[in-house]
1. Take the stretch 29-52 and flag every residue that is without any contact (Cβ under 8 Å) to a residue 12 or more places away in the chain and either assigned to a strand (DSSP E or B) or open to solvent by less than 40 Å² (accessible area, probe 1.4 Å) (or both).
2. Is there any pair with a first residue in the stretch 98-111 that is among the basic types (Lys, Arg) and a second that is surrounded by fewer than 11 Cβ atoms within 10 Å (Cβ to Cβ) and part of a helix (DSSP H, G or I) whose Cβ atoms are under 9 Å apart and which are 6 or more apart or on different chains, and what are they?
3. For LYS24, are the conditions met, namely being modelled with pLDDT of 95 or more, open to solvent by 70 Å² or more (accessible area, probe 1.4 Å), out of contact with any Asp or Glu (no Cβ under 7 Å at 6 or more places or on another chain) and within 29 Å of HIS96 (Cα to Cα)?
4. Are any residues in the stretch 83-93 farther than 13 Å from ASN2 by Cβ, surrounded by fewer than 15 Cβ atoms within 10 Å (Cβ to Cβ) and more than 11 Å from the chain's Cα centre (by Cα), and if so, which ones?
5. Of (1) outside any strand (DSSP E or B); (2) in contact (Cβ under 8 Å) with a residue 60 or more places away in the chain, THR90 satisfies all except one. Which?
6. Go through the stretch 53-77 and count every residue that is over 24 Å from ALA97 (Cα atoms) and open to solvent by less than 10 Å² (accessible area, probe 1.4 Å).
7. Under 6 Å between Cβ atoms, which residue pairs at least 6 apart in sequence (or on different chains) link something in the stretch 1-20 that is in a loop (DSSP other than H, G, I, E, B) with a partner that is of a type in the set (Ser, Thr, Tyr)?
8. Give just the number: which of (1) open to solvent by 50 Å² or more (accessible area, probe 1.4 Å); (2) touching a Phe, Trp or Tyr at 6+ places or on another chain (Cβ under 6 Å) does ARG103 not satisfy?
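The values are calculated or read from the model by the stated rules, or taken from the named source; none is laboratory data. Because the structure is predicted, anything quoted here is derived from the model rather than measured. Heads up, the Cβs are rebuilt from the backbone with ideal geometry, glycines too, and the neighbour counts pull from every protein chain shown. Calculation scope for accessible area: heavy atoms of the full protein, side chains included, ligands and nucleic acids excluded. Shrake-Rupley method; radii C 1.70, N 1.55, O 1.52, S 1.80 Å.
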Amino acid sequence: MNHYETVFILNPVLSEDQIKETVKKYEDFLVSKGAKMVSKEDWGLKKLAYPIQNKKSGFYHLFEYTVAGDAIGQLELEFKRDERFMRYLTVKLDKHAVAWAERRREKLKVKA
């Protein structure tokens with residue numbers, strides 16, 4: 001089981017319900033592939049650095065999870081097929097990045 005982090009940007013024309021439904025769908029997809037969700041974050045609507053599909057903003061989300069490596073290809077294939085996704089990036093975390101992510105989550109808990 002490898003530790004991964006996926007950040008994705010959803011189309012800004014989606015309603016709150018559509019966004020929640022999309023995030024839940026892909027969380028369930030990962031869990032069905034044997035993933036253990038470590039953390040989920042909703043970063044909200046953010047302005048993009050450059051236009052993507054003629055849109056200047058998008059809804060950002062972050063998933064942190066552990067899963068076998070073959071599930072990542074299937075997840076990214078589903079992202080490509082779904083028109084609600086504007087961009088996505090999946091990164092395999094090493095031990096230093098995992099430690100950094102844990103410290104970051106602790107700081108967020110303290111602020112909340």
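1. Residues of the stretch 29-52 that are without any contact (Cβ under 8 Å) to a residue 12 or more places away in the chain, as a first pass: 31-32, 47, 49-51.
Residues satisfying the conditions are LYS47, ALA49, TYR50, PRO51.
2. Within 9 Å, no pair qualifies.
3. yes
4. Residue satisfying the conditions is GLU83 alone.
5. For THR90, the exception is condition (1).
6. Residues meeting the conditions: 1.
7. Partner pairs satisfying both residue conditions: MET1/THR66; PRO12/SER57.
8. Every listed condition holds for ARG103 apart from (2).
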